[in-house]
Number of protein chains: 2
Amino acid sequence: MSDQKTTDISSIGEFGLIERIKETLGDERSGISKGIGDDAAVIDLGEKGSLIMSTDTLIEGIHFDLSYMPLKHLGYKSVVVSLSDIAAMNAVPQYLTVSIGLSSKFTVEAVEEFYRGVELACKNYEVSVVGGDTTASRSGLFINVTAIGISTKDTLTYRNDAKVKDVICVSGDLGGAYMGMHVLEREKKEFQANPDMQPDIEQFSYLVGRQLKPEARTDLIHSLSEIGIVPSSMIDISDGLASELMHLSTQSEKKFKVYEDKIPLAEETRSTCMDFGIDPTTAAMNGGEDYELLFTLGLEDFEKVKNHPDITAIGYVEEGAGPVLITRSGNNVPIKAQGWNHFPDQS
Amino acid sequence: MSDQKTTDISSIGEFGLIERIKETLGDERSGISKGIGDDAAVIDLGEKGSLIMSTDTLIEGIHFDLSYMPLKHLGYKSVVVSLSDIAAMNAVPQYLTVSIGLSSKFTVEAVEEFYRGVELACKNYEVSVVGGDTTASRSGLFINVTAIGISTKDTLTYRNDAKVKDVICVSGDLGGAYMGMHVLEREKKEFQANPDMQPDIEQFSYLVGRQLKPEARTDLIHSLSEIGIVPSSMIDISDGLASELMHLSTQSEKKFKVYEDKIPLAEETRSTCMDFGIDPTTAAMNGGEDYELLFTLGLEDFEKVKNHPDITAIGYVEEGAGPVLITRSGNNVPIKAQGWNHFPDQS
C-alpha cells in the first residue's frame with residue numbers, strides 16, 4: 001500500500017467517512033425508502049407498512065467510562081440510545097438485538113448487571129430482546145444494539161421535509177447530560193486525588209441522571225399520535241442541538257432560525273454552567289446525549305401542542321440555507337455543528 | 001462488590017453465559033415466535049409472514065487476524081457470516097446493517113477496501129446495506145452485522161423439529177476453513193521468522209479460500225424451495241459439525257447417529273490434514289467457519305435430493321438423546337461439542 005494514497009479519518013471526520021462508505025456501497029436497492037443518512041433505515045413491507053431499523057455501537061473509553069457508569073445504567077442507556085433513533089422517525093420501537101464483546105475483566109455477575117439494565121429498559125419501553133451475540137474482546141467492553149419497529153408509511157417522519165413557516169420545536173430541556181458528564185468527570189478527578197473523599201453529586205442528581213440514565217421520548221411519539229400530528233421533519237438530539245439543526249436544515253434545504261432565549265434549559269443546567277464557567281447555550285448547542293427530539297410542525301399543528309408542558313418552540317423555518325441563531329442581543333450568528341467528534345485522536 | 005459472588009465467564013462458557021442472560025431477560029414477549037437460542041430471531045408480522053433477524057460480531061484478534069486477512073475479504077466474510085444465519089432458518093436474507101469500530105491505525109482507504117468487500121457480497125447475494133454505525137475504537141477493529149429477511153411462516157426451519165427416521169444431511173464439504181487457517185498460521189510464522197520468504201499457499205488455494213472468503217449457502221435454500229422441500233431442522237456449521245449436531249439433537253430431543261466415513265471432506269482437506277498430522281474427522285467435527293448447512297429431511301424428501309451433487313447424507317435420527325459417531329471401525333462414540341471457545345484466556 002506504500003504507493004497508494006492514504007487519508008487519515010480525522011481529516012474528513014465521521015460524516016465525511018459515512019459519505020465515502022455510501023459511495024463505496026453504490027446505489028440503494030429496491031424496497032428501501034430511506035437508507036444510510038437518516039436516524040434509521042426504512043424498509044417497505046407493502047401493505048403491512050414499513051420496517052424501521054437502527055443500529056448503535058457503544059465502546060468503552062469512547063462512549064462511556066465504567067469508572068462512573070454503573071453497568072445497569074449502561075445496559076439501560078444502550079437500549080435507550082437505539083430506541084431514540086426509532087422515535088426520531090415518529091415510529092414506536094418493538095424489538096431489539098443486543099450484542100456485547102467482553103474482555104477478561106468482566107465476570108458473569110457483571111454481565112447480568114448489564115442485562116438487568118437492558119431488561120428494565122425493555123419493560124419501561126415495552127420492547128423485547130429477540131437475539132444478540134456474545135463474544136470475547138481483547139480489551140474493554142463494547143455494545144451493539146439494533147432496534148426495529150413497524151409503522152404505517154404515512155406517519156413516518158424524515159429529516160428532509162421541513163416547510164417554510166414551520167415552527168421548530170424541541171422536547172424537554174437541553175445541555176443537562178453534558179453538564180452531568182462535567183460533574184462526573186470532576187468527581188472522578190477529585191476521587192483520584194483523594195480516594196477517601198465522599199462524592200458530592202446529590203445536588204447535581206438531575207444532571208447526573210440525564211447523563212447516566214437518559215430516556216427516549218417514545219412518550220412524545222404516542223402523544224403526537226393521539227392528537228393526530230405528524231411532524232414535517234424530526235431528529236433526536238444525540239450530538240447536540242447545533243449538529244441536529246444542521247442535519248434538518250441541510251436535508252430539508254431550508255433556513256432554520258432559532259432564538260437563543262427560547263432554548264429550554266433546566267435551572268440545574270444553568271446554575272451548574274455558572275459553576276463551571278460554561279455558556280449554557282454552548283452546553284445545549286454542542287453538548288450531546290440529551291436524547292430529546294427536535295422537530296418541525298406546521299402552524300396549525302403547532303397550535304394543538306403549544307400548551308404541552310414538554311414542547312418548546314425555539315424558532316421557525318424560512319427560505320434559505322443553514323441554521324442561524326438569533327442571540328439575546330439580537331445578532332444573527334450562523335450555527336456550525338460541532339457535535340461529538342469520535343475521531344479526535346487520529347490526526 | 002467485594003462480598004458478592006463473582007464467576008469467571010470461562011467457568012460457564014459462552015453457552016452458559018447465554019443461558020444466564022436469557023434468565024436475566026425473563027420471559028419472551030408476544031409476537032416473537034423464536035427468540036434467543038436459534039440461528040436467528042423470528043418475529044411474527046401477521047399475514048405478511050415473519051421477519052427473520054440475526055446479528056453477528058467479529059473482533060480483531062478474536063475472530064480474525066489482519067496479518068493474513070485482507071480487508072476486502074473481511075468485509076465479504078462479515079456479511080456472509082450473518083447471511084448464513086438467515087439461510088439456516090430456511091429463509092432468504094434481504095437487508096443488512098453494518099457497524100464498524102475503528103482504531104487510529106485505519107485510514108479512509110482501508111475502510112473503503114472493507115466496504116468494497118461488503119458491496120461485493122451484497123451484489124452476489126442480492127442484499128442491501130440499509131444502515132449502520134461508524135465509530136472510533138480504542139484498539140483494533142470490530143464489526144457488527146445484522147441481517148434480516150422476510151419469509152412465509154410455513155417454510156421456516158428451526159432447530160427443534162427433527163423427526164425419528166429423518167436423514168441427516170450436510171451441504172458441501174467440511175473442515176476446509178479450519179485447515180485453511182492452519183496453513184495461514186504456518187505461513188505467518190514462517191514469514192515472521194524469515195520476512196524474505198515467498199508465501200507458499202498456491203497449492204492450498206481451496207482451503208485458504210474457504211477460510212478467507214466463505215460463502216453462505218443461500219443457493220441451497222433456493223434449490224430446496226424450487227423442489228418444494230422444507231427441512232425438519234437446520235443449522236449453519238459455524239462452530240464445527242460436533243457443536244451443530246449437539247444443538248439439533250438437544251433441541252429436537254432425538255439421537256443423531258452420524259457415520260464417520262460419510263462426512264464429506266475435500267481431497268485438499270484430507271491431504272493437508274496428513275501434512276499437519278491432524279485427524280480429518282477432528283477438522284470436520286471441531287473446526288469451524290465452513291458455513292455449510294446441517295439439516296434433516298424426511299425420507300420422502302431425501303429421495304428428491306439424494307442425487308444433488310452438493311448434499312451428503314451422513315446419518316439418521318433415532319429415538320434417544322445426543323449425537324453419536326459410528327467410527328470407521330464400527331464403534332459408537334458419543335459426540336461432544338468442542339466448537340470454538342471465544343473465552344479461552346479468561347480463567
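Bear in mind these aren't lab numbers, they're just calculated from the coordinates by the rules spelled out. Note that the coordinates shown come from a computational prediction; the quantities given were computed from them, not determined experimentally. Here Cβ is always computed from backbone atoms with ideal geometry, including for glycine, and neighbour counts include all displayed protein chains.
For the reader, a short list of remarks on this structure follows.
- Label 7 Å beyond Cα on the Cβ vector: A:Thr6 copy-to-copy distances, nm: 3.9
- Dipole check for the protein assembly as shown: with +1 at the C-beta of Lys and Arg, -1 at the C-beta of Asp and Glu, and the Cα centre as origin, the magnitude is about 260 Debye.
- Where only DSSP H runs of four or more residues are counted, chain B gives -11000 deg cm²/dmol as its mean residue ellipticity at 222 nm, each run worth -39500 (n - 2.57).
- Chain A: C-alpha gyration tensor shape, a/c 1.5 cut-off, then a/b vs b/c: rounded
- Among A:Ser249, A:Ser50, A:Ser67, residue whose mean-square fluctuation peaks in a GNM of chain A (springs only between Cα atoms under 10 Å): A:Ser67
- Between this copy and the others, label points of A:Gly322 are 7.3 nm apart in ascending order, each placed 7 angstrom from Cα in the Cβ direction.
- With contacts taken as Cα pairs under 8 Å at a separation of at least 6 residues, chain B carries a relative contact order of 22 percent.
- Remark: the stretch B:9-155 carries a charge dipole of roughly 220 debye about the Cα centre, counting +1 on each Lys and Arg Cβ and -1 on each Asp and Glu Cβ.
- Rounded, prolate or oblate (a/c below 1.5 giving rounded, otherwise prolate when a/b exceeds b/c) for the stretch B:149-237 by Cα gyration tensor: prolate
- Length-normalised contact order of the stretch B:9-155 in % [C-alpha pairs under 8 Å, at least 6 apart]: 31 percent
- Extending 7 Å from Cα along the Cβ direction at B:Asp310 and again at B:Val333 yields two label points whose distance is 3.0 nm.
- Within chain A, helices built from complete DSSP H runs that reach 15 Å or longer along their own axis (Cα positions) and carry a mean Kyte-Doolittle hydropathy of 0.0 or higher are A:9-25, A:71-87, A:241-252.
- In the elastic network of chain B, a GNM with C-alpha springs shorter than 10 Å, the most mobile of B:Asp38, B:Asp196, B:Asp161 is B:Asp196.
- Each Lys and Arg adds +1 at its Cβ and each Asp and Glu adds -1 at its Cβ; summed about the Cα centre, chain B shows a dipole of about 340 debye.
- Qualifying aspartates and glutamates (Cα of each under 17 Å from Cα of A:Lys48; at least 8 residues distant if same chain): A:Asp154, B:Asp44, B:Glu47
- Along its three principal directions, the equivalent ellipsoid of the stretch B:167-334 from the Cα gyration tensor extends over semi-axes of 31, 18, 13 Å, largest first.
- With the label put 7 angstrom out from Cα along the Cα-to-Cβ vector, B:Lys189 ends up 5.0 nm from the copy partners, going from closest to farthest.
- Computed from the alpha carbon atoms alone, the convex hull of the protein assembly as shown holds 176 Å³ per residue.
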